[in-house]
Amino acid sequence: MKLMDYMDEALIELDLAATSREEAFEILTKKLDDAGYLNDRAAFVTALEAREALSSTGIGFEVAIPHGKTDAVNRPVIAFAKAPKGIEWDSLDGEPAKLIFMIGVPEAAEGDEHLRILALLSRRLIDDEFRNRLKEATTVEQVVMQLETVYA
């Protein structure tokens, strides 16, 4: 399983023009909706917000991994955004999120696929060099090249 199996280039945003978590949700869910991954954008945003209400998905290291498991999603998918100025995310370490991976998984997805994706990402995101290469990437191709190295 490779991370890029859940993504395509249309789901990568290099300069996220959002100043809040809610704006980030709106922009990224629009990308997912426009690309045909959602059948109910509003329901997916509600699922993301419900998950955030449990505890922040800002994991620290300037990374946030918002995720939702809902039938508003057609198939497992990941959108990625860089927010160079950072977005307040109530992260564990208090730092704003600059790298955002939004995960959507259908309720009926086999087993705990969203947990497998989270584990896959988390293992790679603890690597300072990997995060720095993503932050320094200036093209979608450079981001894809980094994300291609994430696999189980």
Residue in segment 103-117 that is under 15 Å from PHE25 (Cα atoms) and within 13 Å of the chain's Cα centre (by Cα) present: yes
Options GLU26, GLU95: the member that is in contact with a helix residue (DSSP H, G or I) (Cβ under 8 Å, 6 or more places away or on another chain) and modelled with pLDDT of 95 or more: GLU26
Segment 29-63, subset acidic (Asp, Glu) and not in a helix (DSSP H, G or I), residue most open to solvent (accessible area, probe 1.4 Å): ASP40
Selection status of LEU99, out of contact with any Pro (no Cβ under 6 Å at 6 or more places or on another chain), touching a residue at least 60 places away in the same chain (Cβ under 8 Å) and not charged (D, E, K, R): no
Residue pairs meeting the criteria (Cβ under 7 Å; at least 6 apart or on separate chains; first open to solvent by 30 Å² or more (accessible area, probe 1.4 Å), in segment 129-144; second basic (Lys, Arg)): LYS135/LYS82; LYS135/LYS98
When residues of segment 64-98 are limited to those that are on the phi > 0 side of the Ramachandran plot and in a loop (DSSP other than H, G, I, E, B), the one surrounded by the fewest Cβ atoms within 10 Å (Cβ to Cβ): GLY94
Some residue of segment 113-130 being of a type outside the set (D, E, K, R), closer than 20 Å to MET4 by Cα, assigned to a loop (DSSP other than H, G, I, E, B) and touching a strand residue (DSSP E or B) at 6+ places or on another chain (Cβ under 6 Å): no
ASP15, sole failed condition from (1) open to solvent by less than 40 Å² (accessible area, probe 1.4 Å); (2) acidic (Asp, Glu); (3) in a loop (DSSP other than H, G, I, E, B): (1)
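The values are calculated or read from the model by the stated rules, or taken from the named source; none is laboratory data. Not measured: the values here are computed from a predicted model. Cβ coordinates were reconstructed from backbone atoms using ideal geometry, including for glycine residues, and neighbour counts include every protein chain displayed. The area values use the complete protein model at the heavy-atom level, side chains included, leaving out ligands, DNA and RNA. Shrake-Rupley method; radii C 1.70, N 1.55, O 1.52, S 1.80 Å.
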